[in-house]
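Student: Provided herewith is a single structure, encoded as structure tokens, for subsequent inquiry.
A short reminder: the numbers here are calculations on the coordinates, not readings from a lab. Keep in mind it's a predicted model, so treat the numbers as computed, not measured. No Cβ is skipped: glycine too gets one built from the backbone with ideal geometry, and neighbour counts run over all protein chains shown.
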């Protein structure tokens, strides 16, 4: 039963984890908006979510460490560590080699924050659903 | 918890931008200082930003001021033969501070500070909502 509960909460948890991870990347893009030679990074959320949901094998991403024994550590933690981080292609690159475009990054950050809240709403609705089922109302 | 890392990242940017603002303030205050502590004209200071990972296993990168360098541009020569610092031709060597450049630097630093503050606020709101999950 516990594993069924686990599965019930896994999807919103993975989505929230990935959203939080993406917000970390976008925040570091904004923080480095004036750093010479810094390249803005981001990942494709829907691809990362699908890879994470596909199972532990799929969640390890492309750079997973090959494990030949169950006792080996995979060098990653959390469901969302497998996100395939890529460099953003700038529309207007700056002369100091920095590819951060503040408007894009802030737009993406806000978009990500709103979707994080949407995921939170879904998660709390799921919890409420379970509570109602437990209370038998 | 990636959202908590956002505080570290944006916080590092706030520190770096305020250091930059500090350098701008120093440059503007000394735009006319013909003599600095070591007897030579003041030289404009510029901060160097470097992207640094703030913790092990963290994907995002923070920003740190790794050094403060003297602006290499040549000093400004002002003709003022009555000054005690004038050379044989009557020119006084003044600091190489470009006031227009410093003002734009200041605006850029203050905007970047605001953006990072906004990001911290958003992360704070998201975390507060996450705490209330299931209640």
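Student: Averaged across the residues of B:8-16, what count of C-beta atoms belonging to other chains lies within 10 Å of each residue's C-beta?
Tutor: Numbers: counts 4, 10, 4, 1, 3, 8, 1, 0, 4.
Taking the mean over all residues of the peptide, I get 4.
Student: Expressed as an acute angle from 0 to 90° and rounded to the nearest 10, what is the orientation of the C-alpha long axis of helix B:99-131 relative to the principal long axis of chain B?
Tutor: It works out to around 10 degrees.
Student: Which order do B:94, B:58, B:103 fall in if you start with the one that has the fewest other Cβ atoms within 10 Å?
Tutor: Taking fewest neighbouring Cβ atoms as first place, the list is B:103, B:58, B:94.
Student: Under the definition of Cα pairs under 8 Å and six or more residues apart, what whole-number percent is the relative contact order of chain B? Please report the intermediate quantities before stating the final value.
Tutor: Values: 194 pairs, mean separation 41.7, N = 135.
Reported as a whole number, the value is 31 percent.
Student: Next up: Label point 7 Å out from residue B:128 along Cα-to-Cβ: which residues of the range A:19-44 have amide N under 11 Å?
Tutor: Label zone hits: none.
Student: Quick one: length gained pulling residue A:8 to residue A:94 fully straight, 0.36 nm per residue minus the C-alpha distance? Numbers along the way, then the final one.
Tutor: Details: separation 86, 0.36 × 86 = 30.96 nm, distance 4.62 nm.
Between residue A:8 and residue A:94, full extension yields 26.3 nm more.
Student: What's the center-to-center distance, using Cα atoms, between the range B:54-94 and the range A:88-137 in Å?
Tutor: Taking the Cα centre of each part, the range B:54-94 and the range A:88-137 sit 42 Å apart.
Student: Shape call for the protein assembly as shown from the C-alpha gyration tensor, a ≥ b ≥ c root eigenvalues: rounded (a/c under 1.5), prolate (a/b greater than b/c) or oblate? Walk me through the numbers before you get to the answer.
Tutor: Details: a/c = 3.68, a/b = 2.65, b/c = 1.39.
In terms of gyration-tensor shape, prolate.
Student: While we're on this one: Taking a ≥ b ≥ c as the square roots of the eigenvalues of the Cα gyration tensor of the range B:43-121, is the shape rounded (a/c under 1.5), prolate (a/b larger than b/c) or oblate? Walk me through the numbers before you get to the answer.
Tutor: On the way: a/c = 5.87, a/b = 2.64, b/c = 2.23.
Prolate is the answer for the range B:43-121, as a/c is 1.5 or above and a/b outweighs b/c.
Student: Now a separate question. Find how much the distance from residue B:35 to residue B:110 grows on full extension, using 0.36 nm per residue of separation minus their present alpha carbon separation; answer in nm with one decimal. Working shown, then result.
Tutor: Numbers: separation 75, 0.36 × 75 = 27.00 nm, distance 2.92 nm.
Net length gain for the segment: 24.1 nm.
Student: Then there is this: What list do you get for A:96, B:38, B:71 if you sort them by fewest beta carbons within 10 Å?
Tutor: Details: A:96 10, B:38 7, B:71 16.
Listed from fewest to most nearby Cβ atoms, that is B:38, A:96, B:71.
Student: For a paramagnetic label modelled at 7 Å from the Cα of residue A:103 toward its Cβ, which residues of the range A:6-36 fall within the zone defined by backbone nitrogen distances under 20 Å?
Tutor: Inside the label zone: A:26-27, A:29-35.
Student: Compute the acute angle (0 to 90°) between the alpha-carbon long axis of helix B:2-29 and the principal axis of greatest extent of the alpha-carbon atoms of chain B; round to the nearest 10°.
Tutor: In chain B, helix B:2-29 runs at an angle near 10 degrees to the longest axis.
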